[in-house]
Amino acid sequence: MEHGSDARLAAGPEESWYLGAVFTPGIRLGTLPDDPTTFVQVAEVTEVTEIRVPSGRLIVDSPWPEDDDPKLRTRDGRELREPIPSGVFRVEAAWTQAPHEFMGERFDGREVAAVRLRVTDAPVVRWDMALGVEDDIERIRPGDRVGFNSETNMGCFADATAWPSLTDPFRRFWQASPGSPKQGRDTVTLADGWFERASDDTHRADLVTFPAEGTSVVWLGRTATGNIASVVVADGYRSRTDTPPTDASG
């Protein structure tokens, strides 16, 4: 049996709705947890950059070294068990807005609710949780959620073969002497600092960071034939209190 067809990996109805809706400008995703009168609405979907994945082996993980490793060695990134085709792909961000007031000041509540690596433009008909190469599907029970963990509020897409060099700017950033001013990382800042890109021109490969918090599930959007159309991380799913009907829009 193909791993993507296992019921233990399938997104539930609410998650499936959200994963499609979050990339639909104008749709309402729910309300703020602390204010049920303020709607969270998809403002726009933008292309952040392109990413080169020449090996087809994709890591989706935090680019930072382990906190408890004093030598700051390259840790193994969470490589997805199922590869994607080799190539150059668009990285897109779904931006939401939830205008609100706090301490007498107005905020637009704009943030990144989801990111996707777009493999093809084919329609997605189902969503499956992506396993890492080290994950044992036999230990997963219905309702379990497995993914990568980030204590630095940052995840990334990256080519697996170039992982050590692509994450080197993050290790070197942490290797600065205690008390010395932190120098900028050898990365390209994108979208006003929400994203970064590191490149390895020897491998012709890239790493693109995105906001992530805690344990994040990686979802595979599949076509009618079972092929991967997109790879999505949607942390914004946690920040709403309900799931409105599918026709609830702006």
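Here are a few things to note about the model shown:
- Some residue of region 139-149 being in a strand (DSSP E or B) and surrounded by fewer than 17 Cβ atoms within 10 Å (Cβ to Cβ): yes
- Residue selected from region 83-118 under the condition buried (at least 16 other Cβ atoms within 10 Å of the Cβ) and not in a strand (DSSP E or B), by the criterion modelled with the lowest pLDDT: GLY109
- Test: ILE59 is among the β-branched types (Val, Ile, Thr), closer than 14 Å to VAL119 by Cβ and under 20 Å from the mean Cα position of the chain (by Cα): no
- Restricting region 16-53 to residues that are among the acidic types (Asp, Glu) and farther than 23 Å from ARG90 by Cβ, the residue that is surrounded by the most Cβ atoms within 10 Å (Cβ to Cβ): ASP35
For every residue, the table says whether it meets (1) in contact with a Ser or Thr (Cβ under 7 Å, 6 or more places away or on another chain); (2) surrounded by fewer than 20 Cβ atoms within 10 Å (Cβ to Cβ); (3) of a type in the set (A, V, I, L, M); (4) in contact (Cβ under 8 Å) with a residue 60 or more places away in the chain.
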{"site": "GLY184", "(1), (2), (3), (4)": "no, yes, no, no"}
{"site": "THR209", "(1), (2), (3), (4)": "no, no, no, yes"}
{"site": "THR215", "(1), (2), (3), (4)": "no, yes, no, yes"}
{"site": "LEU220", "(1), (2), (3), (4)": "no, no, yes, yes"}
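- Counting only residues that are part of a strand (DSSP E or B) and at pLDDT 90 or above, region 216-250 holds 12 of them.
- Every condition in (1) closer than 26 Å to GLU196 by Cβ; (2) assigned to a helix (DSSP H, G or I); (3) among the polar types (S, T, N, Q) is met by SER16 except one, and the failing one is (1).
The values are calculated or read from the model by the stated rules, or taken from the named source; none is laboratory data. Quick caveat, the model's predicted, so the values are computed rather than measured. Don't worry about glycine lacking a Cβ; one is built from the backbone with ideal geometry, like all the others, and counts go over all protein chains shown.
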